[in-house]
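Peer 1: Mind having a look at this structure? Questions to follow.
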Amino acid sequence: MFLKKFFRKDAASCVEKGEKLLAAGRYAEARSIFEDARQCIETDSPGSVGMATRIKAGMAEAGNRLAELNLDEADHCLRMGETIKAEEHLKLSLELAEDVTIREKTEKKLSLVRTSSDKPVHHKTLSSCGSCATSTCHSDETTDSYAEALHDEDRFELLIQPLPGDLPERYSNLGKEFANGYLAANAGNDDQARKIYERLLKEGENDIVLYELAILQHRQGDGAGCESLLRRAMGCNDANPLCHLGLVQLLVETRRFTEAIGLLERMVERQILPEQALLFQGDIYQELGDSTTALDRYAQLLPGPYQRDAAERIVPLLESVGRPEEAAYIAKQYLKGCC
């Protein structure tokens with residue numbers, strides 16, 4: 001009996017360790033440690049109420065952060081057309097999340113995914129856009145066949161869900177006419193979409209409509225027209241992340257790497273999709289042959305929601321510069337699957 005009590009885990013120590021793991025972004029480990037603390041807390045001991053409160057808060061925080069990571073993975077799967085995997089991540093997110101906003105967002109996406117077709121889809125993206133968020137820009141020749149069986153309203157909602165930040169809500173609030181244009185553009189009916197967007201712009205400048213019109217210009221091979229529209233869009237709202245990424249992509253395509261890197265650095269400073277900006281920076285530096293700086297940018301994403309994307313780039317890069325042991329460690333640490 002004495003030995004059992006002696007070797008019992010101490011709740012206070014577990015809580016302190018869990019809180020440190022939380023601060024380090026190691027959410028799965030933190031949640032496990034808080035669970036250990038919950039099981040070994042002595043409810044009749046002094047300070048047990050305060051300790052229980054810290055445990056509950058720690059488990060909730062870890063669960064919410066893991067839920068957000070799984071939401072990010074679900075969005076990535078949707079962009080790739082992998083609806084089954086997306087549903088798995090959304091279910092896990094729902095199990096983990098305690099935050100009402102996260103749960104509502106997850107439930108909405110899960111409802112839309114469950115009503116979509118389960119045909120496998122392989123999306124095509126623009127050549128320089130591996131790290132971009134999805135939109136009609138970033139699925140230039142994409143046919144979203146997993147959404148074809150849906151009604152227009154549901155299909156539109158499903159297509160805009162992976163957009164970053166508050167963009168799904170902003171896109172949805174633009175009304176039925178914009179949604180029709182967006183669906184037309186997504187289906188490849190560019191002329192119909194263009195007419196709708198231009199008609200909407202006559203009512204007033206809007207960064208989203210300008211952005212989507214810029215993408216149509218890009219499809220037609222009009223780089224100058226695309227750039228002009230993107231800059232107009234940023235003039236309306238210089239916090240729109242898709243406008244930044246679209247302009248970065250265009251700058252890369254025209255080999256204006258210095259300007260692209262500068263824009264990406266400002267995105268990181270302003271916290272406009274900082275992870276994607278770092279990933280894109282790494283890709284550009286790798287294209288320029290600067291492996292050291294590329295590795296630095298990718299390494300900043302470990303750990304985090306983009307750790308898999310970063311690790312997939314780091315491993316071959318390390319191998320190419322003669323660092324196979326480090327490559328093997330990164331592969332083992334970050335490419336074993338999702339949380």
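Peer 1: Being open to solvent by less than 30 Å² (accessible area, probe 1.4 Å), part of a helix (DSSP H, G or I) and modelled with pLDDT of 90 or more narrows it down to one of PHE178, PHE156, so name that one.
Peer 2: Result: PHE178 is the single residue among PHE178, PHE156 that is open to solvent by less than 30 Å² (accessible area, probe 1.4 Å), part of a helix (DSSP H, G or I) and modelled with pLDDT of 90 or more.
Peer 1: Search region 11-25 for residues being open to solvent by 60 Å² or more (accessible area, probe 1.4 Å) and without any contact (Cβ under 8 Å) to a residue 12 or more places away in the chain, and hand back the single one that is farthest from VAL49 (Cα to Cα).
Peer 2: Result: ALA23.
The values are calculated or read from the model by the stated rules, or taken from the named source; none is laboratory data. Everything numeric here is computed off the predicted structure, so don't read it as measured data. Positions of Cβ are generated from backbone atoms using ideal geometry, with glycine treated the same way; all protein chains shown enter the neighbour counts. For accessibility, only protein heavy atoms count, side chains too; no ligands or nucleic acids. Shrake-Rupley method; radii C 1.70, N 1.55, O 1.52, S 1.80 Å.
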